[in-house]
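What follows is a set of notes on a single structure, which appears directly below.
The values are calculated or read from the model by the stated rules, or taken from the named source; none is laboratory data. What you see is a predicted model, and the numbers here were worked out from it, not measured in a lab. Here the Cβ is made from the backbone with ideal geometry for all residues, glycine too, and neighbour counts use every protein chain on show. Please note that ligands, DNA and RNA were not included when accessible areas were found on the heavy atoms of the full protein model with its side chains. Shrake-Rupley method; radii C 1.70, N 1.55, O 1.52, S 1.80 Å.
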Amino acid sequence: MGVHELSHFRANTEAIAARLATRCYSLDVDQWRILDAERRGAVTEAEQLKAQRNAQSMEIGKLKKAGADTTAAQAEVRSMGERIAELDAKVVAVDERFRDLLTAIPNLPHESVPVGKSADDNVEIRRSGTPREYAFEPKAHWDLGVNLGILDFERAAKITGARFAVYFGLGARLERSLMNFMLDVHTRDHGYTEVLPPFLVNSASLFGTGNLPKFGDDLFKIENSDYWLAPTAEVPVTNLLRDETLEPEQLPIHFCAHTSCFRSEAGSHGRDVRGIIRQHQFQKVELVKFTTAEQSHAEHEKLTADAEDILDRLELPYRRMLLCTGDMGFSSAKTYDLEVWLPGQNAYKEISSCSNFQAFQARRAGIRVRGAKNKVEPAHTINGSGLAIGRTWVAIVENYQQADGSIAVPTVLQPYLQAEVITKSGILR
């Protein structure tokens, strides 16, 4: 299954190149034309030779009936056959080169996505909640957590290295409470089916979601195997239906999953180096949907609202951003980022990215849906964080901090945490 529709690319190369240019991707149109000319030339020559061979074979039959010597003519037909085989192989090879090129080409942006070059061109859709005013200077979570004895970077570095953290006591329980709370809301109130997938995935799965071959440096690979640590539950959950054909009445399918996620953070040097915003290992609750093309837009909006609902229930201020063409992920056709307010950093930070991939991932992964007149089409896939648990932990610690350095617990989490306030722990202090 191709990553893009090859025939559509051949027929609309100029228009597609223009759309890709809006997301800062330069399609080598000349390369496509050269390859296409090679292919067309090989197909044309092969068809002509096949016609000549057929005509000559008929003539050989007549000559044989007449008792004539056909040795030279038969040798010529065999030579034609060998040339035809060469040309057919060339067409196959050119198609393979086309497909190799397609694997490196990002998804085409949806027409509703604003054109832009960077995050500066993203569009704020709305804000929810008002950042709290403090009678004291609010601290960042890396100070609050360490002072309370619930977060430890030094011991994590000793165990493993930089960009890891250890949680203690109510800090660990807060992480676990958030996981249970999010899963409960999404399964009980939003209609998702919970999945517990493997945390190790193979290369085919990563190709299906668009992580490979382009983004291998962002991943951790298990030595001497085809196993990789999953960068997000999107990978194993999307691939649950790889190489399957779904009936339209089965869709939409809604899955949610909690997993640990592992990322090398290649290329992120100097970004969010303090605290737990950008870690090599973190927890996340992921929302994944499989839909028809007709359901796709509405289901993307609903999934984003489901992620927002978690923030609303936790009473955390946030904003919804529509990413511009130049800031979207490789596989996405349209993405909303939810950014939560962090008073300790005086900034909004991404806490969920909700993307509609349309047919891009489904075409790579062979996820199909049977349509009208039994025609099989790629399904559409959608996913988003519902939410990133570590970043939600950060948001609660910073937004609910009190003057004495303790953390008030959001009302909806108190039954999970079995506490109303997180105070200083005496463990290891």
Are any residues in the stretch 1-22 touching a residue at least 40 places away in the same chain (Cβ under 8 Å), of a type in the set (A, V, I, L, M, F, W, C) and open to solvent by less than 80 Å² (accessible area, probe 1.4 Å), and if so, which ones?
VAL3, LEU6, PHE9, ILE16, LEU20
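Any idea how many residues of the stretch 105-148 are open to solvent by less than 40 Å² (accessible area, probe 1.4 Å) and under 30 Å from LEU206 (Cβ atoms)? Break it down stepwise before answering.
Taking the stretch 105-148 and keeping what is open to solvent by less than 40 Å² (accessible area, probe 1.4 Å), we get 105-109, 113-114, 116, 122, 128, 138, 140-141, 144-145, 148.
If we keep only those that are under 30 Å from LEU206 (Cβ atoms) as well, we get 105-109, 113-114, 116, 122.
Here the count works out to 9.
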Close pairs (7 angstrom Cβ cut-off, 6 or more residues apart or separate chains): within 15 Å of ASN12 (Cα to Cα) in the stretch 23-39, among the small types (Gly, Ala, Ser) and open to solvent by less than 80 Å² (accessible area, probe 1.4 Å) anywhere
LEU27/ALA17; VAL29/ALA17
Which of (1) of a type outside the set (A, V, I, L, M, F, W, C); (2) open to solvent by less than 30 Å² (accessible area, probe 1.4 Å); (3) assigned to a loop (DSSP other than H, G, I, E, B) is the odd one out, the single condition GLU315 does not satisfy?
(2)
For the stretch 323-338, the count of residues that are of a type in the set (Phe, Trp, Tyr) and within 27 Å of GLY129 (Cα to Cα) equals 1
Enumerate the pairs (first residue in the stretch 313-325 and on the phi > 0 side of the Ramachandran plot; second residue anywhere and open to solvent by less than 20 Å² (accessible area, probe 1.4 Å)) with beta-carbon separation below 9 Å, excluding pairs fewer than 6 apart on the same chain, so at least 6 apart or on different chains.
GLU315/ASN399; GLU315/PRO410
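Got a sec? Which of TYR192, TYR167 is under 23 Å from GLU299 (Cβ atoms) and out of contact with any Pro (no Cβ under 8 Å at 6 or more places or on another chain)?
Working: TYR167 fails: under 23 Å from GLU299 (Cβ atoms).
The conditions single out TYR192.
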Return the residues of the stretch 127-159 that are in contact (Cβ under 8 Å) with a residue 24 or more places away in the chain and of a type in the set (Val, Ile, Thr); say none if nothing qualifies.
THR130, ILE150
Over the stretch 35-85, the set of residues closer than 30 Å to SER7 by Cα, among the acidic types (Asp, Glu) and surrounded by fewer than 15 Cβ atoms within 10 Å (Cβ to Cβ) is GLU47, GLU82
So, first residue outside any helix (DSSP H, G or I) in the stretch 298-310, second residue small (Gly, Ala, Ser), Cβ within less than 9 Å, six or more apart or across chains; the pairs are none
